[in-house]
Structures are given as structure tokens and as C-alpha cells.
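All of the numbers you see were taken from the coordinates with simple rules; none came from a lab. What you see is a predicted model; the values in this text were computed from it and never measured. Don't worry about glycine lacking a Cβ; one is built from the backbone with ideal geometry, like all the others, and counts go over all protein chains shown.
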Amino acid sequence: MSKSASASVSSHKETLQQYQHGKLLGVKSSHLKTFRYVSYLLFLGLILILPSLVNGLQLRLATLASIWFVATMGLQVLMGQAGLVSIGQAAFVGVGAYTAAILATKHGFSFLLTIPIAGLSGVILAIIVGFPTLKLRGHYLAIASIGVGQIILVLMVNWRAVTNGMDGITSITRPVESNTTYFYICVAIGLFIAAALYSLRKTPVGLAFTALRTDETAAGAMGISVAWHYLIAFMISGFCAGVAGGLFAYNEGFISPYGFDLGQSIVLLTMIIIGGLRHISGALVGAILLVFLPPNLEFLGSSYMVIYGVAVLLVILFAPDGAAGAILKLRDKFLRKISGTSREGVTQ
Amino acid sequence: MTNESILEVDGIRQEFGGLVALDNVSFNVRKGEIHGLIGPNGAGKSTLINVITGIYKPRQGKVSVSGTKLTGMRPDQVYAAGIARTFQNIRVWPELSLFDNVMIGAYRSSEIQPWNALLRKKKLRQRVAGMEKATLEALATFDLDKIADRPAGSLSYGQKKLLELARAVVASPTLLLLDEPAAGLNPVEVGNLQERIRSLVGGGTSVLVIEHNMKFVMGLCENISVLNFGRKIMTGTPSEVQNSPDVIEAYLGSTSFQNSKKS
Amino acid sequence: MEITLRQVQDFFQVLTNGVAAGAVYALVAVSFILVYKAVGIVNFAAGEIVAVGGYVGVVLANILGLPLLVALPVCIVLMSFFGYGFQFVVYRPLKGKSFLIIAISTLATGIILANGIQLIFGPEPRRLEPLLANPTVDIKGVFISVPNLIIIFISVLTLIGIKLLFSKTRLGFQMMSTAQDPEMARLLGVNTDKMVSFTFMLSFAIAGLVGFLVAPVLYLVPTMGLGIALKGFAAAIIGGFGEVNGAIVGGLSIGILEILFARYLSSSFQSLLIFLVVLGFLYFRPEGIFNREIGQKV
């Protein structure tokens, strides 16, 4: 390359950095940065003081929300980034939960070991299911994932020697006694995974997911190995589900096949769609919404899932960015207002 | 020009549900040449490109590049073997920036593993930096570097075609397949494009170009292969092709060819 | 080991049950494969649509008191209207959308249908009276359930009808050409919109028939769709996803295999077997038993 070209290379590196820091949104990058730091700090502060603000039940729900946040982040990568559909996420959660529970109760493994192994069990299941299906078209995974959900359920119920059948596994003791500490542990694991997924999204692997989602053929022709990247996404999804399962098992102290059926898979799917498929934060928003909302839907009895179905249908058709998308839009509007710029003014 | 072949297409046969799309098609592209592939609509040109790039698996025959057999490879493996392409109907990622579009072409998945995002961040950064450099250079080659941060969907038609070219050359392919690069461009842009393609060849890339625009092909290519109804009629220089009775018959009634003969 | 007459009779009894179940799975698979071929949508609400068919039967026969032989055709007609309407919700507005959006929409529709049924009819099982009064016939000591015989008989008739429709009639040709290449079909003067509507109607009519047929054998519960759809999907995968013949063979094999497995080996792991068979196909023969190449449009 000529000298002038390499000079423009360095100057445009800066353009790109500005782009990543909100210039295209019509927002001053310093404002965006400040806003991010302030909101992160506020969020962390809220997490820290939350246990002292709420009652025991609410803290339990908050812990549950942080656990489902982990499982739903996996779906965000799989569905929101790579564009695949899995309708069996709860089965992966279940495998993680049983793995952690069995290792903890029967073999005396410590929490520090069982949680990563639970994640690994999700990865292994993802490989078994993903390896044959991801080479084929997208609907094969969707169908296979429903099948996997059923199979895992059959195993949980009938493979009594290992799973203890419908009686489930009891007396899984948490590493810490205090509800507050366990809440902090779950949140910390959730935020750690979120940070890892954010940085993965910024690497070319994240770009490859987007490329595959929007045009699989073009991605293949540009050297993206389709099946491998789909498998990466599916393994990440399985890992998140497995870890969530492990955390869930310790949180409840008791697990049985009930919590891991198709209904739960649909709840997780509803979380990410209502929360916002396109954003990792959508997993957080969705988990919070769906954990704290259902008590108010009780008048519908067991048919409250109708509401989920309608909500999913409406969001996916008319607001595919979900709640997180709406929140981010508000943020941009606010920042543009204080930056005093219009979107058009900055992008020329 | 050497006689060494970069691409060898040997006896390719492809059918779809009993319909023969390609029948015993063979030709070679020599190292450093611009080779044209022409033929009336439905002659099988795009099908052939899809066979070469691994999107279709041929029923018979084989394709090799620099002696490496491509038949049976997946599209991404074909790309890794040094063949990049553009599409007839532009396929850029509209929601991604120009930079990201080209970056995808530069990304070699063998060099970046997902766990690098967590561990070994330094190594990851080094490798990504190399890809970013190649990306910015490719964008600069096609004068797109000043607008690299725009979403590709906001580009004009002609700019998108350039973006596809930038994306195709970012990994320095040995062979470039261009599927109707001049379609939809105005005469000025077409002339511009010819220059750019020539300069790519100067840089060591061979080119196989499919085109309807006869003037464009005749003025650009050293050799041309002609397909009709899935069969190869001939391979020859532009003047040989223009004077071949078989080719004229294949194009009979096709105004684009008659126009190009008149001009 | 000596095989007694009783064991032989038992085997044939079990086998007929398997064939009946297989015929149902084949019909379900055909029902959603028709839509898949015509518009490229995998309908994840396929099982719930069968359930709707069954409950429409319940309304017609048990609540309105229509005779079964009247209720059956009325149910099929109503379901085909439902199919006509369905395309305006999850197909026409979604044209050109990504697989993810279409899949989630049909899935959500299935959730709405299943839980809607539960809201209306409650979770307790419902059933239809069988078309004929005697529960079983005795053929040389083999007691065969009459509803199962009816299922087999009507399924065979339906499948023959579908084959004839596509091989002999103009309408069938037009539907098929629409599925294969809509552009070309339009050029040849086929009203492709109409053909898509017909396909949806036919698909839902078949699903309604299945719902009506299984209602005397299986009890109807709001969540019944899932199990039926899974078997239908499995039959489709074994049959090469998109092949009507393959789906029929796939459905029959699954029905027979699962019932023999349940009878002679283990009933608690029977769905595991089907899953392993499907997984085996995905690993070693994704193109299905008839080895049809999976094409890709570019």
C-alpha cells in the first residue's frame, strides 16, 4: 500500500473508534461514555443495596431473575446474534442442574467445581445435538431442540438410578447460608458472563454471527464456516444454560423434572424476545420482567401462557428489538438532547 | 502471461430435478489472466460459479485451483483455498458498517477462537489488528475508507458493488470470481471498474468474470468461454468468439451481442 | 423358546395399533409438509392445529349433538376455513422475514392455541365417541380395536386421495408447480396466491381429520399437540423433509417401531428410541430414507 493510504488508515481508525462510541447515534462520545459509567455505577449500587431494600420473597425472586438472566443470555447469542431457534433451553438448564446436584450430593464436589462442570454438561449436550443438525437448515435445530427437551425430561423421570425419578434430588446445600450472599454470587456470575459475551461480540466471531444471521450464503462465500460458528453459538447457549441450571439447583436446594419442561423453555424464550433479542441487556430486562410479572397474572390460572404467546407474537412482529431496544432508544434520544445534535447533523 | 492454469474446470455436470443445468463443461483460467464467461440467459453461468465456490455439489467432474481439488469442499473452504467472489444480486450486510462488511472477509476463523475473547486477549488483539489493517487497506483501494463507518445499506448501488469488490479482495485471493460486476452501472462507472479490475490483475490476482455486457467483456478479457444451454460452445480470444458462427447462433436475437458487434 | 399362539395373536394386535399410530403420524407429517413445500414455513403450531381439530369435533358432536358422520365432514370443512384464515396471520404478513421470526410466530401461535383451548375447555380430558359401537373385532383370536381400524382405513383413503390429487388433477399440478417454482408457475398462468390458500386449507383439513380420528383413541387434552407434532416432525425427517412418500414411510415406521419397543422392551423409554432413530438419521442420512438431495436456493 502507498504511503498516503497508510496515513489515511491511521486517521480512519479514529473514525471507527468514534463510531463505536456513539458518533453515528448523533451523540457526543464523551456523553455516551459518561452515561454508560453512571448507569453501570447506579446499577451496581442498586445491586449492592437491593437485599436491604426488599423482603425475603422479593430477594428470592431477584436471585431467580439473575439465574434466568444467565440462561437467557445464551439464547441471546444463539437467537439474537446467530439467528438460530432453540425451543429446548430448559432441558439444557435441567442437565446443568442435575449434573451439579448429583456431583454435589453424591460425590461431595464443591460449588467452585460443580458450576463450571454444569456449564460443560450444557456444552456437551449442545455438541451432541448441534453437530448433526447445524450442518443442515435452521429448522432442523429448532425441531431437534423440542425433541431434546422431551428426551431429557424422559430421562429425568425414568432413569431413576441416577435422577431419582419424580422424587427428584433433595438437600443440595448452598455454599453460603445467607440469601444475600447467594444473590451476590449469582449476580456476579451473571455479570462476569455478560462481560465475556460483550467482548466476544466485539471480536470478528461476533461479526460472523451477524453475517450468518442476515445472509448465510454470503457468509459462507466470505470464508465463514457456517456449521462451526453455529456450533460455537449453540455451545455458548448450552454453557449459559448449564451454569444457570447449577445455580438454580443450589438456590432451590431441591430439583425435580418439573422445572425443566417445554413450558419453562418457552418462558426462557419469551424472556429474550420480550427483553430484546438484539441486545445482551435484553436478557436482563426480560428475566426481570418475567420473574416479577407472573404473580400478577394469576387470575388467568394455568392459562397465563396465552399472554406469553400473544406478547411474543406482538413483539416479534412489531417491535423485534424488545424492551431493551426501547430503553436504548430512549437513552439515545436523551443523549442527543443534551448533546444538542440531531442525528442527521452528525452523520452528514 | 504464462500457460500455467490457476483454475481447472473439468467435465462438470450438474442437474436439478432431472433438468440438466451444466453438461460436461471444461475450461481453464490461466495464471494472471482475466477470463470471461458469457452466454445467453439460463446458459448455466451462475450455476457454474456456484459449483466452483462449493454452494452446489456437481454430479460429475471436478474443479481444482492451483492443483488443489475444490470439489466436495464447503464454500468457506473454497474461500480459504484462495477463491473469492462477488454476487450477481449484491449481497452485502446492510446493517453492518462498510468496515465490518470487509472485516468479515478478512476474518480467518482458524486464527481466532471464541475463548480468546476471555483468555489470551493480547494475542487476540494482535491478530484482530492484522485483519483491521487489511480491511482498511482494501477499503482504501476502492476509495471507500472515508465512509467506512457508514452502514452498507446506505450506499448507492455502484458503491455497494465496490464494497463487494473490496470485501472480495481483502484476503488477497488467487482467483476472483465476478458475477456480472458491470450490471446496473453507468458507462463512466463501467470504465472505472475495468481499470480497477485490471489493476487487481497487476497485483497478482486472476479473474473469472461473468457478464452480459459484451463490450465490457470484449474490452477486458484475454480469453472467453461461451456457454449455451449448459454446454460449453468454445473458448477463445475476444475476436475468435465474436466471429464464431456457433456463438452468433447461440446469441441470435440477443440484442446485446449484435450491439456489441456494431460498435 | 417356544412361541405360543397367544403370543402371535398379541403381536398382531400390537402391530395393528402401531400401524394405526403410524398412519396418524404420517398424516400429520403430510399436513405440515404440504405447507412447508408450498411456502417454506415449518409450522411449529402443527400439533396444536390437530388439537383444535379434535376440540372442534368435541363441540360439534358432544356439545351440539351432531351425529358423528355429519360432524366429521363439518369439522374438516371448518378446519379448512381455519387454514384459510391462518395464512393471513402467520404467512402473508411474514413474507420475506427471517426464519427466526417466522418460526417464533408459528410457535407463539401454537402456545396461544393450546392455552386458548385450556381456557375454554379446561385441562380435563375430553373424548369423542367412536364412529362404530363395538370396541373390538375378533379376527382369528386377534382382537383389533375398531377405532384403530377406522383410523387405518380413513388414513389410507386420505393418502390415496392426496396422491391422486397431485398426480391426476389440474389443481394438484398447479399446487405442485407453485411449490416448486412460484415464479415459473405465475408465468404459466397459475394463480399462486390461490394455490397457497388451497394448500393451507388442505393441510388444515388433514390436521382436523387427524384430530377427529384420534379423539376416540387418545383422550383430548389441551397440551396434546406437542407429542403429536414431535412424531410428525420425526416422520418428516426420516422421510427426507419435504417428501410426501417419505413422510408416509417415516410415519408408519415410527408408529410400528415405538409400539413394538414399548410392548416388548420398555415403555418408559419409548420416546428415547424415536429420538435416537431421528438423531441417527440426522447424523448418517440427513437426506432421509429415499436419499433425495437437499437442495439450496441461492
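Computed quantities for the displayed model
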| read-out | value |
| --- | --- |
| Cα centroid of region B:197-245 to Cα centroid of region B:27-73, whole Å | 14 |
| Residue A:109 versus residue A:55: modelled label distance in nm, points set 7 Å from Cα along the beta carbon direction | 3.8 |
| Inter-label distance, nm, simple model (7 Å from Cα along the C-beta direction), residue B:215/residue B:237 | 2.3 |
| Cβ neighbours within 10 Å from other chains - mean over C:94-100 | 5 |
| Degrees separating the helix C:170-180 axis from the principal Cα axis of chain C, which is the longest one | 70 |
| Residues residue B:66 and residue B:133, FRET efficiency given R0 of 35 Å [Cβ-Cβ distance, rounded to 0.05] | 0.85 |
| Peptide C:258-268, shielding by other chains (average Cβ, 10 Å cutoff) | 1 |
| Region C:97-160-region C:211-254 distance, computed between alpha-carbon centres (Å) | 9 |
| Region A:212-337: C-alpha gyration tensor shape, a/c 1.5 cut-off, then a/b vs b/c | oblate |
| Region B:85-211: relative contact order as a whole-number percent, Cα under 8 Å and 6+ apart | 35 |
| Contact order normalised by residue count of chain A, Cα under 8 Å, 6+ apart, percent | 31 |
| Rounded, prolate or oblate (a/c below 1.5 giving rounded, otherwise prolate when a/b exceeds b/c) for region C:197-248 by Cα gyration tensor | oblate |
| Exposure proxy order (Cβ contacts within 10 Å, fewest to most) of B:164, C:183 | C:183, B:164 |
| Electrostatic dipole magnitude of chain A [Cβ: Lys, Arg +1; Asp, Glu -1; Cα centre; debye, to 20] | 1160 |
| Cβ-based charge dipole, the protein assembly as shown, positive-most Cα from B:87, A:335, A:99 | A:335 |
| Nearby lysines by direct alpha-carbon distance to residue A:135 (threshold 17 angstrom, same-chain neighbours under 8 apart not counted) | B:57, C:297 |
| Ranked by how many other beta carbons lie within 10 Å on average, peptides B:32-38, A:218-224, C:190-196 from highest | A:218-224, B:32-38, C:190-196 |
| Cα-centre dipole for chain B with unit charges at Cβ (Lys and Arg positive, Asp and Glu negative), debye to 20 | 840 |
| Helix axis angle, A:29-53 relative to chain A longest principal axis, alpha carbon, degrees | 20 |
| Degrees separating the helix A:111-133 axis from the principal Cα axis of chain A, which is the longest one | 80 |
| Global form of region A:91-217, assessed from the alpha-carbon gyration tensor, a/c cut-off 1.5 | oblate |
| Theoretical FRET efficiency, 1/(1+(r/R0)^6), r = Cβ-Cβ of residue C:191 and residue B:122, R0 56 Å, to 0.05 | 0.35 |
| Mean-position separation - Cα centroids, region A:48-118 and region B:137-170, in angstrom | 43 |
| Lys, Arg +1 and Asp, Glu -1 on Cβ, resulting dipole of the protein assembly as shown about Cα centre, debye, nearest 20 | 1600 |
| Net length gained if the chain between residue C:165 and residue C:180 were fully extended (0.36 nm per residue, minus Cα distance) | 3.8 nm |
| By average C-beta atoms within 10 angstrom, highest first, the peptides A:28-41, C:251-264, A:270-283 | A:270-283, C:251-264, A:28-41 |
| Residue (of C:244, C:113, C:38) at the positive-pole extreme of chain C, dipole from beta-carbon charges | C:38 |
| Farthest toward positive dipole pole in chain C [+1 Lys/Arg, -1 Asp/Glu at C-beta], among C:218, C:58, C:100 | C:100 |
| Estimated FRET transfer efficiency (residue B:57, residue B:89; beta-carbon r; R0 25 Å; 0.05) | 0.65 |
| Inter-site label distance for residue A:166 and residue B:244 at 7 Å from Cα along Cβ, in nm | 7.7 |
| Over region C:1-87, relative contact order from alpha-carbon pairs under 8 Å, at least 6 apart, % | 15 |
| Over the protein assembly as shown: helical MRE at 222 nm, DSSP H runs n ≥ 4 each giving -39500 (n - 2.57), nearest 500 | -20500 deg cm²/dmol |
| Backbone N under 13 Å from the residue B:195 label point (7 Å along Cα→Cβ), restricted to region B:11-42 | none |
| Average other protein chain Cβ within 10 Å of Cβ, residues A:192-205 | 4 |
